[in-house]
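The values are calculated or read from the model by the stated rules, or taken from the named source; none is laboratory data. These numbers come from a predicted model, not from an experiment. Because the Cβ atoms are built from the backbone with ideal geometry, glycine has one as well, and the counts that use them run over all protein chains shown.
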Amino acid sequence: MITVESVTKNFNGKPAVDTISFQAHDQEILVLLGTSGCGKTTTLKMINRLIEADSGNILINGKNIRDQKPEELRMGIGFVMQHSGLFPHYTIQQNIAVVPELLKWDRKKTENRTHELLGKLHLSEDVLSRFPGELSGGQQQRVGIARALIANTPVLLMDEPFGALDNITKADIHSEFKSLEELKNKTIILVTHDVQEAFELGHRICLMDKGKIIQTGTPKEMLYHPQNDFVSEFFAENRLLLEYKTAVLKDLDTFLNSENTYSEFGFTENTGVWDALQKLSSGHRNTEHYETLIRAFNEYRKLQII
């Protein structure tokens with residue numbers, strides 16, 4: 001879907017992005033992960049030509065983005081920016097309707113699509129007449145996502161979309177984000193510096209440093225098959241938690257009969273180990289099953305590390 005080939009961008013003679021190449025596959029969430037200044041946001045903005053690349057090529061569905069006018073290109077790409085990026089003097093209804101106005105949708109179509117998205121994003125209709133400053137951070141971010149989704153474009157770019165939220169609000173929005181049917185037919189590139197967010201939302205991760213891509217892979221590949229010490233050290237602080245969050249019950253089949261043992265709790269083979277433990281330790285308290293799962297995970301982990 002999206003192909004980046006040997007792309008470079010310099011600012012004041014210094015490379016912000018240094019000859020990088022990667023692909024974001026159809027219906028995939030690809031995360032650009034790294035610390036501030038590593039080049040991830042610059043990379044994202046080159047895809048919709050908010051920043052022009054100095055060299056290299058970027059293709060969407062095989063078509064070079066330079067062959068389109070920037071404004072036409074952007075109409076086919078949803079964009080969620082940091083701090084929601086809402087226009088402060090527009091009502092929420094006006095903010096969501098920005099792209100439909102550019103596409104010259106009729107009013108009824110815009111209204112129907114707006115109300116559909118409000119329901120999916122757990123926003124009440126009374127927010128439509130309010131202004132961004134009257135909403136909470138979580139509500140503003142949901143509105144920003146609604147604005148990016150309204151035209152139902154096949155590509156969605158997200159620049160630190162949840163970075164300004166507190167951890168509780170962020171966890172809620174992550175859960176809603178992962179369950180949105182709207183997102184399952186899109187190719188998404190998401191920029192973040194939050195390691196846990198990258199592992200929770202990404203199908204694959206591009207780890208960047210100093211304008212270069214150090215490694216690209218699935219969360220499990222990043223943990224268990226790091227290409228060098230930089231990758232290992234980048235994830236070291238959160239490693240055990242990340243291992244819990246990348247494993248699913250199916251991974252532990254060798255060590256437990258997950259279907260029979262956990263079906264009474266509504267788990268499946270694709271239930272995350274971390275999610276299962278959370279449920280077993282709260283509303284579905286079962287010490288025996290909890291301890292069995294911990295032991296099975298520890299056995300699985302030993303094999304992965306070896």
Practice item. State which residue is farthest from residue 28 (Cα to Cα) when the search covers only segment 128-145 and only residues that are buried (at least 23 other Cβ atoms within 10 Å of the Cβ) and among the hydrophobic types (A, V, I, L, M, F, W, C). Key: 143
Point to revise | Selection status of residue 39, among the small types (Gly, Ala, Ser) and in contact with a Leu (Cβ under 7 Å, 6 or more places away or on another chain) | key: no
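What number of residues within segment 119-143 are in a helix (DSSP H, G or I), farther than 14 Å from residue 182 by Cβ and under 22 Å from the mean Cα position of the chain (by Cα)? Step through it out loud before you land on a result.
First, pick out the residues of segment 119-143 that are in a helix (DSSP H, G or I): 119-120, 125-129, 132-134, 137-143.
Pick out the ones that are also farther than 14 Å from residue 182 by Cβ and you get 125-129, 132-134, 137-141, 143.
Cutting the leftovers down to under 22 Å from the mean Cα position of the chain (by Cα) gives us 137-141, 143.
So the answer is 6.
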Review point. If we scan segment 107-127, do we find a residue that is surrounded by fewer than 12 Cβ atoms within 10 Å (Cβ to Cβ), of a type in the set (Gly, Ala, Ser) and free of Cβ contacts under 8 Å to residues at least 24 places away in the same chain?
Key: yes
Study note, to complete from the structure: Filtering segment 74-86 down to residues that are over 13 Å from residue 44 (Cα atoms) and buried (at least 19 other Cβ atoms within 10 Å of the Cβ) yields 84, 86
Exercise for review: For residues that are surrounded by 13 or more Cβ atoms within 10 Å (Cβ to Cβ) and among the hydroxyl-bearing types (Ser, Thr, Tyr), scanning just segment 227-267, find the one that is modelled with the lowest pLDDT.
Suggested key: 258
Check your understanding: Taking into account only those residues within segment 288-306 that are closer than 14 Å to residue 240 by Cα and polar (S, T, N, Q), which is surrounded by the most Cβ atoms within 10 Å (Cβ to Cβ)?
Key -> 304
Study note, to complete from the structure: Pairing a residue in segment 168-182 that is charged (D, E, K, R) with any residue that is buried (at least 16 other Cβ atoms within 10 Å of the Cβ) and in a helix (DSSP H, G or I), where Cβ atoms lie under 6 Å and the two sit 6 or more apart in sequence or on different chains, gives 182/149
Point to revise | Complete set of residues in segment 31-61 that are at positive phi and surrounded by fewer than 20 Cβ atoms within 10 Å (Cβ to Cβ) | key: 37, 49, 56, 61
Revision key, fill the gap. Per the list (1) farther than 23 Å from residue 25 by Cβ; (2) in contact with a helix residue (DSSP H, G or I) (Cβ under 9 Å, 6 or more places away or on another chain), residue check on residue 167 breaks on (2)
